[in-house]
C-alpha cells in the first residue's frame, strides 16, 4: 500500500482509521418481531407491538438474522462464537420506544476476522489485510423527521427493531483510499453472501468513522467518531477533512477532544455533535427477556454449506482458468450482479477456457459497460441479455462478423433489443471472404494510389495500414480482415 502522510509545519503526520459499519440484515422480518422490513413504506406502517414497546410484549429472536450473521462471519474468515448473548444498551431518545437498544456488547456472535483489499486492481502487490474486531447483532432505532413541520418533529418507527450487523474493524487503515477499498470490499462480500443488500443510499449500510492522527511510530492519538456516513465517497472525504483538522489543532498547540461528530456532505466537513463528557452512560446488562444464543454444529455446517464462491476465490479462478488479467478479473468480480451476468454469458457460449474468457471479458468491460454508462443504466437493467451477448461473440468467433461489424450490430441490439443473428440476416451485415470481390477492390485502390504503391515497395512499410483501411472502407467493413491482409501482401509484394 502506498504511504499517506499529512505534511504539517512540524513534520509528517500519520492518520489511523477504524470503521464501524452498520449493515442491515436481509430478512423478511425484524430481529425480534414479525413486522416487515421492506424499504419505502409509509411512516409507521411496519410496526409491531414489540417494536412500539407496548407493555408486556416480549422479543422473539429471528433465526434467519442469526444465520445471516454467522454466514457473514464465515465469509470474513472470522471466529464464530457458538455461545453469545444479548445485552441492553440503555439510553432515552424519542425514536427508541423501549428506552434501550438490544445489542451484544460482551459476547458477540462473531469474533476476529480479516478482509484483504487491493488499492490498485491492476497490481496484486498492493494487497493489504484489514482486521475485523467483531460482528454483533443489534436492533435499529426509528427515525426522526424534522422537516415536516416548522414547530414539530415526527417519529417514524418503521426501522425500529430492524436487524443490524455492526461490523467493527481494527484500526488498521492508514489512508482514505484504504478505507474506501475496505468498504467497497466489505460491501461486495455482503452482497455475495446475500446478508445485506449494501444499498448505502437507502441507509441499509452506513459507517461510523473513527479517526486519529499521530507522528509515525508514536502511540495512537485521541480519536473522534463521525457518525452515520452513507457513501464511500463521503467516508473518504470525512477522513481527509477530519485528519487535517486534527493536525491543525495539534500544531496550533491545542488538544483533540474525543467526541462524536457529523459529516456535512454539502460543505465537505465534519462538525461537533457531542463531546465525551456529554456521552451517555449506557449501563449495559444482559437482557433478561432473551436466552443466550447457542449454535449447534449442524447449524454451523448448514451455514457453511450455503456460502457461495466469494469474490477473491472467483477472481483467482478467472485469472487461472480463463487467463484474465488481474484488472479484468477484479472488475468482473467486484459486484455479485456483474459476476452473475458474466457467468451466464460464459455458460451461453457453450465454451470454456482462456480464448472465450478473454474475448467475453473484454467485450463486457469495453463495449457493454461503455454502453450502459452512456445509457445511465447498470447491468441489472441491461438492454442486452447474456444469451444475446454470447450469440454476438459467437458470430465474431466463427468469422460471420468482423470487429467493426460487431460494433455496428451491438449498437442496433441496444436500440432494438433484437438478436444479433436476426440483425445480420435482415441488414446484410455478414462479413465476406470472397477473394474475387476483395481482389477487385484492392486493384482499384492500388490504381488510384500508384504513388503510395511505389513508396510502399520502396520501403515505407507503414503504408500497409493505409491500404488495409482503404480496402475495409470500400467494402463497408464487411471484408474479412485476415483475408484482406493476405491478399494485400500478395498484391503489393
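Taking residue 161 as meeting all but one of (1) at negative phi; (2) modelled with pLDDT of 95 or more, write down the number of the exception.
With respect to (1) at negative phi; (2) modelled with pLDDT of 95 or more, residue 161 is out only on (1).
Which numbered condition in (1) within 15 Å of the chain's Cα centre (by Cα); (2) within 26 Å of residue 9 (Cβ to Cβ) is the only one that residue 210 fails?
(1)
Go through (1) touching a residue at least 60 places away in the same chain (Cβ under 8 Å); (2) over 24 Å from residue 332 (Cβ atoms); (3) touching a helix residue (DSSP H, G or I) at 6+ places or on another chain (Cβ under 6 Å) and name the single condition residue 216 misses.
Condition (3) is where residue 216 drops out.
Results for (1) under 45 Å from the mean Cα position of the chain (by Cα); (2) outside any helix (DSSP H, G or I); (3) under 24 Å from residue 428 (Cα atoms), shown as yes or no for each residue.
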{"residue": "442", "(1), (2), (3)": "no, no, yes"}
{"residue": "452", "(1), (2), (3)": "no, no, no"}
{"residue": "468", "(1), (2), (3)": "yes, no, yes"}
{"residue": "483", "(1), (2), (3)": "yes, no, yes"}
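Check the stretch 83-102 and report whether any residue there is surrounded by fewer than 21 Cβ atoms within 10 Å (Cβ to Cβ), in contact (Cβ under 8 Å) with a residue 12 or more places away in the chain and under 24 Å from residue 311 (Cβ atoms).
Looking through the stretch 83-102, none of the residues is surrounded by fewer than 21 Cβ atoms within 10 Å (Cβ to Cβ), in contact (Cβ under 8 Å) with a residue 12 or more places away in the chain and under 24 Å from residue 311 (Cβ atoms).
Go through the stretch 324-365 and give me each residue that's surrounded by 15 or more Cβ atoms within 10 Å (Cβ to Cβ) and either outside any helix (DSSP H, G or I) or at positive phi (or both).
Answer for the stretch 324-365, where residues must be surrounded by 15 or more Cβ atoms within 10 Å (Cβ to Cβ) and either outside any helix (DSSP H, G or I) or at positive phi (or both): 324, 325, 334, 335, 351.
Quick check on this structure: which one of 168, 155 is within 26 Å of the chain's Cα centre (by Cα), touching a residue at least 60 places away in the same chain (Cβ under 8 Å) and assigned by TED's automatic domain parsing to the domain that holds residue 220?
That would be 168, the only listed residue that is within 26 Å of the chain's Cα centre (by Cα), touching a residue at least 60 places away in the same chain (Cβ under 8 Å) and assigned by TED's automatic domain parsing to the domain that holds residue 220.
Out of 56, 40, which single residue is on the phi > 0 side of the Ramachandran plot, assigned to a loop (DSSP other than H, G, I, E, B), in the same structural domain as residue 210 (by TED's automatic domain parsing) and under 23 Å from the mean Cα position of the chain (by Cα)?
None of the others qualify; the one that does is 40.
Here are some residues: 459, 394, 421. Which one is outside any helix (DSSP H, G or I) and either modelled with pLDDT of 90 or more or farther than 30 Å from residue 371 by Cβ (or both)?
From the options 459, 394, 421, the qualifying one is 459.
Quick check on my filter: what residues within the stretch 366-384 are closer than 19 Å to residue 412 by Cβ, part of a loop (DSSP other than H, G, I, E, B) and free of Cβ contacts under 8 Å to residues at least 12 places away in the same chain?
Correct list: 377 only.
If residue 155 passes every condition in (1) part of a strand (DSSP E or B); (2) within 27 Å of residue 108 (Cβ to Cβ) but one, which one does it miss?
It fails just one condition, (2).
Of all residues being surrounded by fewer than 21 Cβ atoms within 10 Å (Cβ to Cβ) and touching a strand residue (DSSP E or B) at 6+ places or on another chain (Cβ under 8 Å) in the stretch 40-65, which is farthest from residue 85 (Cα to Cα)? Just the residue, please.
My answer is 43.
Can you tell me which of (1) touching a residue at least 60 places away in the same chain (Cβ under 8 Å); (2) closer than 29 Å to residue 118 by Cβ is the one residue 357 doesn't meet?
(1)
Can you tell me which residues in the stretch 219-252 are within 17 Å of residue 172 (Cα to Cα), surrounded by 15 or more Cβ atoms within 10 Å (Cβ to Cβ) and either free of Cβ contacts under 8 Å to residues at least 24 places away in the same chain or out of contact with any strand residue (DSSP E or B) (no Cβ under 7 Å at 6 or more places or on another chain) (or both)?
236, 240
The values are calculated or read from the model by the stated rules, or taken from the named source; none is laboratory data. Computed from a prediction, not measured in an experiment: that's the story for all the values here. Every residue, glycine as well, gets a Cβ built from its backbone with ideal geometry; the counts of neighbours run over all protein chains shown.
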